[in-house]
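The next block holds one structure in the form of structure tokens; read it before the comments.
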């Protein structure tokens, strides 16, 4: 029989290294603020809606101490398909870039 060692955070019972998701953020806010998960969920949803609306409008979202999100336009370009060797056209599209703050970079590089 194969035995697997699972390392988890005793407080959250979550595996260490698992990505944080929306539910984790809601749980953390509820615990820190002493509010229900329903109230914390509403706050998270409002924040995400506001950020999404700003980005859709073409505005930059800056969170001091965390970083900034900015919508950018990627231009159409020609590339070579490595399997067929044929020239292909990639359409223009919009995406979002994230630039971490100096404080966040310092925390990550500790």
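Can you tell me which of (1) under 19 Å from residue 21 (Cβ atoms); (2) in contact (Cβ under 8 Å) with a residue 24 or more places away in the chain is the one residue 65 doesn't meet? Against the list (1) under 19 Å from residue 21 (Cβ atoms); (2) in contact (Cβ under 8 Å) with a residue 24 or more places away in the chain, residue 65 comes up short only on (1).
Does residue 58 count as in contact (Cβ under 8 Å) with a residue 24 or more places away in the chain and touching a strand residue (DSSP E or B) at 6+ places or on another chain (Cβ under 8 Å)? No, not satisfied.
For (1) closer than 21 Å to residue 25 by Cα; (2) under 16 Å from the mean Cα position of the chain (by Cα); (3) in a helix (DSSP H, G or I), each residue gets a yes or a no:
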position: 44; (1), (2), (3): yes, yes, yes
position: 49; (1), (2), (3): yes, yes, yes
position: 59; (1), (2), (3): no, no, no
position: 95; (1), (2), (3): no, yes, no
position: 107; (1), (2), (3): yes, no, yes
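How many residues does segment 53-88 hold that are under 24 Å from residue 103 (Cβ atoms) and surrounded by 11 or more Cβ atoms within 10 Å (Cβ to Cβ)? Steps first, answer last, please.
Within segment 53-88, the first condition is being under 24 Å from residue 103 (Cβ atoms), and the residues that meet it are 54-55, 59-72.
If we keep only those that are surrounded by 11 or more Cβ atoms within 10 Å (Cβ to Cβ) too, we end up with 54-55, 59-63, 66-71.
So the answer is 13.
For residue 47, indicate whether it is touching a strand residue (DSSP E or B) at 6+ places or on another chain (Cβ under 6 Å), within 25 Å of residue 102 (Cβ to Cβ) and modelled with pLDDT of 95 or more. It is false that residue 47 is touching a strand residue (DSSP E or B) at 6+ places or on another chain (Cβ under 6 Å), within 25 Å of residue 102 (Cβ to Cβ) and modelled with pLDDT of 95 or more.
The values are calculated or read from the model by the stated rules, or taken from the named source; none is laboratory data. Here the structure is a predicted model, which is why all the values come from computation and not from measurement. Using ideal geometry, Cβ is built from the backbone for each residue, glycine included, and neighbour counts are taken over all protein chains shown.
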